[in-house]
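A.B. asks: One structure coming up, written as structure tokens, with questions to follow.
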Amino acid sequence: MMEKKEVAVKVHGLTKYYGDFLAVDNVSFEVIKGEIFGFLGPNGAGKTTTIRIVTGILLPDKGKVEVSGIDTLKNPIAAKKIMGVVPEVCNVYVDLSARDNIMLMGKMYAVKRREREERAKELLQKFDLWERKEEKTRRFSRGMKQRLILAMCLIHQPEVLFLDEPTSGLDVKSSRMIRDILQELRSKGKTIFLTTHNIDEANILCDRVAIINKGRIVASDSPEQLKGAFQKTQSVEVSFNVTFADVNWMESIPEVNRCQRLGDKFKLYTQNPDALIKKLGEHAMKNNLHFTSLNTLGPSLEDVFLKLTEERETTDV
């Protein structure tokens, strides 16, 4: 008998209008305790509205939200005590130092002073901010501010984290640090709800993802299960020893559904990679070309995302 998994976040029938515009349309999903759950969608799909309702910033027109069994509409204060929230727009206090920002947040959550001091030091060191702890955050880079806001949301050791685009626009170092810390938090049993535009990030981090488009959930599963459902969306990635100005010959191969240029490589979408590779080989021999790379690829999470959102666009026309 399979062990029943504990649900950390339960959303049922969530609906939100802005005037006559339906932003969130009867959305339902569950987040399992201890997982990183990705919430993906194009701009204007309803991601931020959903996370604002779930975290108690907005009220829904219909629907119910529970976080760790607490009804967020009936008991918003109790629910917020067990949440850590990183909003879409970084909101550190720029006239306070990094340390004072964390200490203030701890005080808001009634963390005892001694524990606040210990936790502040630990978090500032973890997020590589200790050397600048007394500096006003006005001078901090965007990446430093984003690391600080994540540290601030962890001061009270919340059970569930809600992160809205936490690595958007950040430098490589800050993005990698935040991803590493999120994986560490998951290993310690924390539950993480992550909205992101970065599909590669979702593929790396998330145990499961839900894709929202035009206010509705169009798919929800693990990244690998979603990719497995779209096996026809295969591709061949190829590069040659010369750079082509004209790629019409590749696009004219019957087995090629679409040709995409990626730097010095070409990604050729196909339903028959074996036949396509043979045609590429024949062309290479006739024209004295040499392969510098040749890879067959299954569907990516990006392919799944685009396919699902394009299908929804088509059905709505």
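The values are calculated or read from the model by the stated rules, or taken from the named source; none is laboratory data. Note that this is a predicted model, so its numbers are computed, not measured. All Cβ positions, glycine included, derive from the backbone under ideal geometry; neighbour counts span all protein chains shown.
A.B. asks: Just a yes or no: is a residue in segment 201-215 touching a residue at least 40 places away in the same chain (Cβ under 8 Å) and farther than 27 Å from residue 164 by Cα?
C.D. replies: Checked against the condition, which is being touching a residue at least 40 places away in the same chain (Cβ under 8 Å) and farther than 27 Å from residue 164 by Cα, segment 201-215 yields no hits at all.
A.B. asks: Let me ask something additional. Which residues, taken from segment 55-64, are modelled with pLDDT under 95 and either among the basic types (Lys, Arg) or within 15 Å of residue 193 (Cα to Cα) (or both)?
C.D. replies: 55, 56
A.B. asks: Right, next: Considering every residue within segment 254-269, establish whether at least one is at pLDDT below 90 and among the acidic types (Asp, Glu).
C.D. replies: Taking every residue of segment 254-269 in turn, at least one turns out to be at pLDDT below 90 and among the acidic types (Asp, Glu).
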